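Enquirer: Attaching a single structure in structure tokens format; questions to follow.
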Amino acid sequence: MSAPASAPAAESGAAVTKLSHAQATARLSAAGISWRSSGNCSDRNNPTCTSFEQVNLATIQGAETLKSASGCALTITGGTETGHASGTYSHWNGYKLDFNPTTCLSGYITGTFTYIGERADGAAQYKAASGNIYARESNHWDVTFYSCGGC
């Protein structure tokens with residue numbers, strides 16, 4: 001058991017490093033993580049695209065950590081594009097990614113992280129020791145990366 005997570009890095013006064021779409025996709029490709037968009041595009045202002053423009057470096061590092069720790073194939077289905085819920089720790093602000101809910105990934109999350117109850121929308125939530133939150137929405141895992149997850 002680990003101690004309760006302290007305030008997210010963004011609240012501790014630490015500067016948040018933002019990446020361009022090209023920087024993020026280069027890192028994701030190198031880590032063997034794929035992504036797709038229903039519109040086959042990366043325009044941040046189009047909700048049918050999957051964009052990584054202005055994503056936090058720690059968010060991409062978190063995806064890399066998830067890939068290496070889980071051993072699962074990962075496909076990102078949502079990034080920083082418009083159309084997601086707003087808030088400080090939102091997709092638009094670079095803290096969240098959506099992942100395709102494969103059997104491997106779902107088994108890893110539910111078997112490794114601590115169940116912490118349902119969100120207001122009914123999504124089951126699991127919390128990693130890093131403080132990152134994994135919420136199982138209807139057709140994807142909605143992950144809030146407060147940190148890189150131990151990178």
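Enquirer: What net charge do the residues around Ile109 carry, taking every other residue with its C-beta under 11 Å from that of Ile109, with Lys and Arg at +1 and Asp and Glu at -1? List each step's numbers first, then the result.
Expert: On the way: positive: Lys127, Arg136; negative: none.
Around Ile109, the charge tally is +2.
Enquirer: Cβ under 11 Å from Ala123's Cβ, Ala123 left aside: what net charge do those residues give with Lys, Arg +1 and Asp, Glu -1? Walk me through the intermediate numbers first.
Expert: Values: positive: Arg119, Arg136; negative: Glu118, Asp121, Glu137, Asp142.
Local net charge: -2.
Enquirer: Once fully extended, how much extra length lies between Asp43 and Ala73, figured as 0.36 nm per residue of separation less the alpha-carbon to alpha-carbon distance?
Expert: On the way: separation 30, 0.36 × 30 = 10.80 nm, distance 2.46 nm.
My answer for the length gained is 8.3 nm.
Enquirer: Show me 93-101, 118-126 ranked by packing, highest mean number of other Cβ atoms within 10 Å first. Spell out each step's value before the answer.
Expert: On the way: 93-101: 22.7, 118-126: 13.1.
For the peptides 93-101, 118-126, the packing ranking is 93-101, 118-126.
Enquirer: Another question, then. If the cut-off is 16 Å between C-alpha atoms, which aspartates and glutamates fall inside it for Lys67, apart from same-chain ones fewer than 8 positions away?
Expert: In chain and number order, the partners are Asp98, Asp142.
Enquirer: Can you give the charge dipole size of the chain about its Cα centre, rounded to the nearest 20 debye, using +1 on the beta carbon of Lys and Arg and -1 on the beta carbon of Asp and Glu?
Expert: Numbers: 9 positive and 10 negative charges, 49 e Å.
Rounded to the nearest 20 debye, it is 240 debye.
Enquirer: Compute the Rg to Rh ratio over the stretch 107-151 from the alpha carbon atoms, using the Kirkwood formula for Rh, and round to two decimal places. If you can, show how the numbers build up before the last one.
Expert: Values: Rg = 10.1 Å, Rh = 10.6 Å.
We get a ratio of 0.95 for the stretch 107-151.
Enquirer: Using mean Cβ contacts within 10 Å as the protection proxy, how do 61-70, 29-38 order, highest first? Mind showing how you got there, number by number?
Expert: Working: 61-70: 19.6, 29-38: 14.6.
Output ranking for 61-70, 29-38: 61-70, 29-38.
Enquirer: Would you list the P(r) distribution for the chain, with all Cα-Cα distances sorted into 10 Å bins from 0 and each bin expressed as a whole %?
Expert: 12, 45, 37, 6, 0
Enquirer: Where does the charge balance sit around Cys41 when Lys and Arg score +1, Asp and Glu -1, over other residues with C-beta under 13 Å from its C-beta? Let's see the in-between values first.
Expert: Details: positive: Arg36, Arg44; negative: Asp43, Glu53, Glu81.
Charge balance in the 13 Å sphere: -1.
Enquirer: Oh, and also: Probe of 1.4 angstrom, ligands and nucleic acids ignored: what's the accessible area per residue over the stretch 55-110, in square angstrom? Could the numbers behind the result be given before it?
Expert: Numbers: 1950 Å² over 56 residues.
Averaged over the residues of the stretch 55-110, the accessible area is 35 Å².
Enquirer: What percentage of the solvent-accessible surface of the chain, computed with a 1.4 Å probe over protein heavy atoms, is contributed by carbon and sulfur atoms?
Expert: Ligands and nucleic acids excluded, carbon and sulfur reach 50 percent.
Enquirer: Choose one of Ser130, Thr102, Gly87: the residue whose Cα lies farthest towards the positive end of the charge dipole of the stretch 61-151 (beta-carbon charges +1 Lys, Arg; -1 Asp, Glu; about the Cα centre).
Expert: Most positive-ward Cα: Ser130.
Enquirer: Once phi is turned into θ = phi - 60°, what whole-Hz ³J(HN,Hα) does the Karplus curve with 6.51, -1.76 and 1.60 give for every residue of the stretch 98-106, x standing for Gly and Pro?
Expert: Running phi through 6.51 cos²θ - 1.76 cosθ + 1.60 with θ = phi - 60° gives 9, 10, 4, x, 5, 4, 4, 5, 4 Hz.
The values are calculated or read from the model by the stated rules, or taken from the named source; none is laboratory data. Quick caveat: nothing in here was measured; it's all calculated off a predicted structure. Here Cβ is always computed from backbone atoms with ideal geometry, including for glycine, and neighbour counts include all displayed protein chains. What goes into the accessible areas is simple: the full protein's heavy atoms, side chains included, and nothing from ligands, DNA or RNA. Shrake-Rupley method; radii C 1.70, N 1.55, O 1.52, S 1.80 Å.
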